[in-house]
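Report on the structure given below.
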Amino acid sequence: MRKYIIMGPQGSGKGTQAKMLARDFDLVHISVGDIFRWHVQNRTKLGTKVQRYMKEGRLVPDEMVSEVVKWRLEIHDWRCGFVLDGFPRNAAQTEFFLENYDIDAVIAIELPEEAAIMRMQSRRLCSSCGLDYNLIQLRPKVPDVCDNCGGRLVPRPDDTPEAIRARLKDYREKTQPILDLLREKELIVRVDGTPPPDVVQAEMRQRLGLQVGVDELPETVGAPD
Ligand code: ADP
Ligand code: ZN
């Protein structure tokens, strides 16, 4: 069983990295942000409560977050483990997590703030299928049109300059300090988030002791040459 948490500033590519890891090691990718976005889109009771926080780039109150995480982890739909993305983000959430769950490692993707801002400003989402684009690295073939479904590409509602600033400030002030706490427990695996996604992924796997190439099957780990 592999249970990981992935952390990093907004724009560090943690969602992308979590998906790559989950795909090849048969882990369930649990994104707290995606769960909240689902609630907003489907106009649930929770969705109407969290919408304002998200749009302004503020952290959703801890009770709502813990409730969602607890509910999601109780589904227990994984066979090989999970990658939890977007939680914990402050001291209270970390305490709740450490008291209730066992994890193998916390992957911390590091990226300078200027690079994070650039990436968020160039990020676009397909308004129909939700696919992620980046006007610097992952450009669509036709400007503003999704390669996958032809949908219109739009910025994320919380990628406005004000919300970006607020989110990075929260990361610096609330999330960064918990990395120290986790470091004491020797759970942290640091990875440089500056290189292209596959390079970041390879470094991450090496540090986690997952010695497999992106296209190999996990079963080949440790097999003789
Ligand atoms: P980002 O990491 O770029 O902020 P996410 O998709 O992970 O994007 O999260 C989007 C928003 O959802 C956050 O800005 C915040 O409002 C809310 N959110 C997600 N995870 C948490 C959390 N653990 N605690 C509080 N709010 C959260
Ligand atoms: Zn699309």
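The values are calculated or read from the model by the stated rules, or taken from the named source; none is laboratory data. For clarity, every value in this text was computed on a predicted model and none was experimentally measured. Here the Cβ positions follow ideal geometry from the backbone for every residue, glycine too, while neighbour counts run over all protein chains shown. For accessibility, only protein heavy atoms count, side chains too; no ligands or nucleic acids. Shrake-Rupley method; radii C 1.70, N 1.55, O 1.52, S 1.80 Å.
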Note on the range 62-94: residues within 13 Å of ligand 1 (Cβ to nearest atom), out of contact with any His (no Cβ under 9 Å at 6 or more places or on another chain) and acidic (Asp, Glu) are Asp62, Glu63, Glu67
Filtering the range 42-65 for residues that are among the polar types (S, T, N, Q) and surrounded by 15 or more Cβ atoms within 10 Å (Cβ to Cβ) leaves a count of 1
May I ask you to list the residues in the range 35-82 that are free of Cβ contacts under 8 Å to residues at least 24 places away in the same chain and either β-branched (Val, Ile, Thr) or within 16 Å of ligand 2 (Cβ to nearest atom) (or both)? Arg37, Val40, Gln41, Thr44, Thr48, Val50, Ile75
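How many of the residues in the range 107-139 are assigned to a helix (DSSP H, G or I), open to solvent by less than 50 Å² (accessible area, probe 1.4 Å) and of a type outside the set (D, E, K, R)? Break it down into steps so the answer makes sense when it comes.
We begin by selecting, within the range 107-139, every residue assigned to a helix (DSSP H, G or I); these are 113-121.
Next, only the ones that are open to solvent by less than 50 Å² (accessible area, probe 1.4 Å) stay: 115-116, 119-120.
Add one more test, that the residue is of a type outside the set (D, E, K, R), and what stays is 115-116, 120.
Adding up the residues that qualify gives 3.
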If we scan the range 158-169, do we find a residue that is open to solvent by less than 70 Å² (accessible area, probe 1.4 Å) and in a strand (DSSP E or B)? no
Could you grab me the full set of residues in the range 125-150 that are within 14 Å of ligand 1 (Cβ to nearest atom) and of a type outside the set (Asp, Glu)? Leu125, Gly130, Asn134
For Asp104, all conditions in the list (1) crowded, with 16+ Cβ neighbours inside 10 Å; (2) away from ligand 1 (no atom under 13 Å from the Cβ) hold save one; what is the number of the exception? (1)
Can you find, within the range 70-96, the residue that is surrounded by the most Cβ atoms within 10 Å (Cβ to Cβ) among those that are of a type in the set (A, V, I, L, M, F, W, C) and part of a loop (DSSP other than H, G, I, E, B)? Phe87
Take the residues in the range 107-124 that are in contact (Cβ under 8 Å) with a residue 60 or more places away in the chain and either under 21 Å from Asp34 (Cβ atoms) or polar (S, T, N, Q) (or both); name whichever of them is nearest to ligand 1 (Cβ to nearest atom). Met120
Within the range 47-96, tally of residues that are closer than 23 Å to Gly13 by Cα and hydroxyl-bearing (Ser, Thr, Tyr): 2
Just the residues that are aromatic (Phe, Trp, Tyr) and touching a residue at least 60 places away in the same chain (Cβ under 8 Å), please, taken from the range 83-96. Phe87
